[in-house]
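All remarks here apply to the structure that follows.
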Ligand code: C5P
């Protein structure tokens, strides 16, 4: 038995969309399937990590062999990430809703003839918060789904959010990436940007997990 390179390490992965309730039966959501986050959790597990998998209501099956923490809203996701700390690394692959509804209703809203008007508030940015938290994991990885100027926007996002790496991808409809099984990413670190060839989301996850293992090992060696 060979212990994996991430044995003894704890990694938090966020995944899937969030649902922001309007009333007991309605919500705001997005089209994230949770496929890339689920693949990353499985790949980290395969390298021996203990994985806390904080997931919104995803459409793909949950990974096995990880601790699954199911949440609905962005605020619940933030609290679940906080409760899972401390961690050696965090990979924030969730598509967190930017806004929540603040004038929602405890009862199902009725059709009255007047149109409802939703008021919104900004959700916490979990990646930005974690990157500056007192218990910040040693390695924090964010994602950036862009439709134009991918490198420039993702590089700016890396500094703005304060994370170590950004996994950037082009989600223009023509790429077929959003909702598809393949991904073509650029890994942005403090020292540069690497274009990875287009490959399956499982292969992206395996390569990212190996890269995380290498980085954590190098930090211990330092
Ligand atoms: O700003 P944008 O949503 O493009 O940033 C994407 C990255 O930030 C992803 O890693 C996503 O998981 C994370 N994020 C977050 N909390 C938010 C919004 C985004 O953790 N409220």
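Which whole-number percentage describes the relative contact order of the chain, with Cα contacts under 8 Å and a sequence gap of 6 or more? Intermediate values should be presented prior to the final figure.
Values: 466 pairs, mean separation 43.6, N = 222.
Value for the chain: 20 percent.
So what's the gap between the Cα centers of the stretch 133-180 and the stretch 1-69, to the nearest angstrom?
Cα centres, the stretch 133-180 to the stretch 1-69: 17 Å.
Cα atoms only: what Rg and Dmax, in Å, come out for the stretch 21-68?
13.1, 42
Per the helix-only calculation at 222 nm, which mean residue ellipticity applies to the chain, given -39500 (n - 2.57) for every DSSP H run of n ≥ 4 and division by its residues, nearest 500 deg cm²/dmol? Before the final figure, lay out each step's value.
Details: 5 runs with 62 residues, N = 222.
Here the helix-only value at 222 nm equals -8500 deg cm²/dmol.
Applying 1/(1 + (r/R0)^6) with R0 = 30 Å to the Cβ-Cβ distance of residue 193 and residue 106, what FRET efficiency is obtained, to the nearest 0.05?
Numbers: r = 48 Å, r/R0 = 1.59.
So, using R0 = 30 Å, E works out to roughly 0.05.
To one decimal place, what Kirkwood hydrodynamic radius in Å is obtained for the stretch 100-222 from all pairs of distinct Cα atoms? Don't skip to the end; give the middle numbers.
Values: mean 1/r = 0.0582 Å⁻¹.
For the stretch 100-222, the Kirkwood estimate is 17.2 Å.
Which percentage, to the nearest 5, of the DSSP beta bridges contained in the stretch 1-57 is antiparallel?
Rounded to the nearest five, the antiparallel share is 35 percent.
In degrees, nearest 10, range 0 to 90: what is the angle between the Cα axis of helix 74-84 and the longest Cα principal axis of the chain?
40 degrees
If one takes the longest principal axis of the Cα atoms in the chain, at what angle in degrees, from 0 to 90 and to the nearest 10, does the Cα axis of helix 35-46 lie?
40 degrees
Could you tell me the calculated FRET efficiency between residue 62 and residue 117, based on Cβ-Cβ distance and R0 = 41 angstrom, to the nearest 0.05? Walk me through the numbers before you get to the answer.
Numbers: r = 37 Å, r/R0 = 0.89.
For residue 62 and residue 117, the calculated efficiency is 0.65.
Rounding to the nearest 10 and keeping the result within 0 to 90°, find how far the Cα-based axis of helix 201-221 lies from the longest principal axis of the chain.
It is inclined by approximately 60 degrees.
Within the stretch 178-222, whose backbone N sits under 18 Å from a point 7 Å along Cα→Cβ of residue 151?
Answer for this model: 184-198.
Please figure out what share of the DSSP beta bridges in the chain is antiparallel and state it in percent, rounded to the nearest 5.
Values: 15 of 40 bridges.
About 40 percent, rounded to the nearest 5.
Over the Cα atoms of the stretch 87-170, what radius of gyration and what Dmax do you get, in Å?
My reading of the Cα-based Rg and Dmax gives 17.4, 54 Å.
For the pair residue 182 and residue 1, how long in nm is the line joining their label points, each one 7 Å along Cα→Cβ?
Each label point lies 7 Å from its Cα, and together they span 4.0 nm.
Compute the distribution of all C-alpha to C-alpha distances in the stretch 1-42, in bins of 10 Å from 0, and list the percent of pairs in each, rounded to whole numbers.
It works out to 23, 32, 25, 12, 7, 0, in whole percents.
Any idea what Rg and Dmax come out to for the chain if you just take the C-alpha atoms, in Å?
So, for the chain, Rg and Dmax equal 18.0, 68 Å respectively.
Would you mind computing the Rg to Rh ratio of the stretch 52-101 from its alpha-carbon coordinates, Kirkwood style for Rh? Please report the intermediate quantities before stating the final value.
Values: Rg = 11.1 Å, Rh = 11.7 Å.
Using Cα coordinates only, the ratio equals 0.95.
Values quoted throughout were computed directly from the atomic coordinates according to the rules given, and no laboratory measurement underlies them. Everything numeric in this text was worked out from a predicted model, so none of it was measured. Using ideal geometry, Cβ is built from the backbone for each residue, glycine included, and neighbour counts are taken over all protein chains shown.
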